[in-house]
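Accompanying notes for the structure given below.
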Amino acid sequence: MSAVVLVGAQWGDEGKGKVTDFLAKKADVICRYQGGNNAGHTVVVGDKTYKLHLIPSGILYPGKSCIIGNGVVLDPLVLFKELEYLQQNNIESDALKISANAHLIMPYHRLLDELQEEKRGEFKIGTTKRGIGPCYMDKVSRLGIRVIDIMDAEEFKEILERNLEEKNFFLNRIYGHKGFDFNEMYETYLDYGQKMQPYLVDCSLFINKAYNDGKDILFEGAQGTLLDVDHGTYPFVTSSNPTSGGAAIGAGIGPTKIKGVLGVVKAYTTRVGEGPFPTELKDSIGEQLLKAGQEFGTTTGRARRCGWFDAIILRYSVRINGISSLAVTKLDVLDGLDTIKICVGYKYKGEMLKEFPQSIKKLSSCEPVYETLPGWKQVTSQINEYKKLPPNAKRYIERIEELVKVKVNIVSTGPGREQTMVLDKIF
Ligand code: GDP
Ligand code: IMO
Ligand code: MG
């Protein structure tokens, strides 16, 4: 029996979907605990590529319980589309469970996300425009609508009336938008409620029972540590807590039950959206990483910004999440390089910083200090045993371990399940 949290250790898109799918073989329950369909998790099984935004990546293994936790913000439109997509691909989704306490993304959340971004102009965050921020805003301001609220027609009527009154006033005054019609939204969401009814559970009860029954539980984080609303590069962050502590809150499990935290980290760094990125490469090497790594957003299709591996960021991530082991992905993307750099320090106004700075202004002015390692100039995507990796590739992995003082348990050299090496077991 154990519970493990899988977190993104950088700015998202580290390959969490792939690693979750890989570990789902052994896990009994896979739970998403935060975020929403701003996430885009890619899983490659044989010659098929699946892109999941809301449903846990464990769904691709038959018979696994997959649960959307209370900490997730759920867009029913996306949920039904994703269920349909799975059905079209003959993937069973009967074992899906949805927390009754998850908050719902409403049409006005999507619209507000778009309008707010437009209004920010050059100070935009570069959100996915999926309504994530506005939905979490309503949750915290105690105006939100939860899955359970649309199960009761009378109660929902009252809540939606209150919400629309406020939203329409705001949309009108600030953005000159005509607002939304009550009846249409009311009927649509009541219908969603009917369709969601068979999936509903008390997430905390379900997870804790599974734990007490000796099941292995995997918490699948979305986004990444540096996008965390508390610990990320604020304000260029998402509106939830992707870090490991978020799993306890977003699923209703006590932290004492969590046995370990697996940090998923790319062998280099990427970021989508705005905000500081010390090791960003705006040269031909950056382009090479973009091309070789196929770094285009799973959700929005935007080109990801690319740069060297940053050990300062990973060390920070290890501290914030209590990472106990690492999965290094996309090592194969570095195959063609003569030399590879690792950022081992930040220089700020001539001084070497010891820790990741809290001020975004300071971070934006930090100059990365690099260590250069020899490349391996050898294809690694067919290798499935760690000891068979080129010596310089192993040296690279071992240098990461040394710099952050955490063991690497998994190395990935391709998107497929078989392109995964296990150095040490997670469960
Ligand atoms: P996530 O959001 O963390 O799940 O990551 P994404 O799915 O958004 O982006 C990771 C991308 O890299 C996907 O297209 C994966 O199929 C792919 N990928 C994962 N691991 C590897 C790897 O080891 N090598 C290569 N070349 N691609 C990988
Ligand atoms: P996965 O789970 C990468 C980024 C957006 C933007 C910021 C805020 O696939 O790793 P939001 O729509 O959440 O309000 O946008 O966060 N972002 C992601 N970047 N991967 C993700 O998810 C992301 N989800 C949000 O680009 O900069
Ligand atoms: Mg992604």
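Here are the numbers for this structure:
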item	result
Segment 1-52 - percent of accessible surface contributed by carbon and sulfur, probe 1.4 Å	52 percent
Residue-normalised accessible area of segment 103-198, given per residue in Å² at a 1.4 Å probe	57 Å²
Residues of segment 234-354: accessible area per residue with a 1.4 Å probe, Å²	39 Å²
Relative contact order computed over the chain (Cα-Cα under 8 Å; 6+ residues apart), in percent	20 percent
Under-5 Å amide H pairs with Thr269, H placed in peptide plane, nonlocal only	Gly307, Trp308, Phe309
Pairwise label distance in nanometres, Lys387 with Glu165, each label 7 Å out on the Cα-Cβ vector	7.2 nm
Cross-link partners of Lys349 among aspartates and glutamates (Cα-Cα below 12 Å; sequence separation of 8 or more within a chain)	Glu367
Three principal axis lengths of segment 60-193 [C-alpha, angstrom, descending]	50, 41, 26
Kirkwood Rh in Å, taken over the chain so that all alpha-carbon pairs contribute	22.1 Å
Nonlocal amide H pairs with Gly345, under 5 Å, H built at 1.01 Å	Val369
Protection proxy ranking of 146-154, 35-43 - average other beta-carbon atoms within 10 Å, highest first	35-43, 146-154
Percent carbon-and-sulfur accessible area, segment 103-198, ignoring ligands, DNA and RNA, probe 1.4 Å	50 percent
Nearby lysines by direct alpha-carbon distance to Lys97 (threshold 20 angstrom, same-chain neighbours under 8 apart not counted)	Lys25, Lys26, Lys51, Lys64, Lys81, Lys195, Lys209, Lys215
Of Ala210, Ala222, Ala251, the one that fluctuates the most in a GNM where the chain has Cα springs shorter than 10 Å	Ala210
Percent carbon-and-sulfur accessible area, segment 302-354, ignoring ligands, DNA and RNA, probe 1.4 Å	49 percent
Estimated vicinal HN-Hα couplings, Hz - segment 417-427 in sequence order (Karplus 6.51, -1.76, 1.60; Gly, Pro = x)	4, 6, 8, 9, 10, 9, 8, 7, 6, 8, 8
Global geometry of segment 1-72, whether rounded, prolate or oblate, following the gyration tensor of its Cα atoms and the 1.5 cut on a/c	rounded
Entries in Lys341/Lys388; Lys119/Lys167; Lys48/Lys407 that, when Cα-Cα distance is taken, lie over 20 Å	Lys341/Lys388; Lys48/Lys407
Estimated 222 nm signal from helices in the chain, with DSSP H stretches of n ≥ 4 weighted -39500 (n - 2.57), rounded to 500	-10000 deg cm²/dmol
For Val45, residues with placed amide H under 5 Å, excluding near neighbours	Tyr50
In sequence order, calculated HN-Hα J values of segment 187-200 (Karplus, 6.51, -1.76, 1.60; Hz; x Gly/Pro)	5, 4, 6, 5, 5, 4, x, 4, 6, 7, 2, x, 8, 5
Under the Karplus curve 6.51 cos²θ - 1.76 cosθ + 1.60, θ = phi - 60°, whole-Hz ³J(HN,Hα) for segment 155-170, x wherever Gly or Pro sits	5, 4, 4, 5, 5, 5, 4, 4, 5, 5, 4, 5, 5, 5, 4, 5
Within straight-line cross-link reach of Lys347, lysines at Cα separation under 17 Å, skipping those fewer than 8 residues along the same chain	Lys361, Lys362
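The values are calculated or read from the model by the stated rules, or taken from the named source; none is laboratory data. Since the model is a prediction, treat every value here as computed from it, not as a measurement. Backbone-built Cβ (ideal geometry, glycine too); neighbour counts: all protein chains shown. SASA here: full protein model, heavy atoms, side chains in, ligands and nucleic acids out. Shrake-Rupley method; radii C 1.70, N 1.55, O 1.52, S 1.80 Å.
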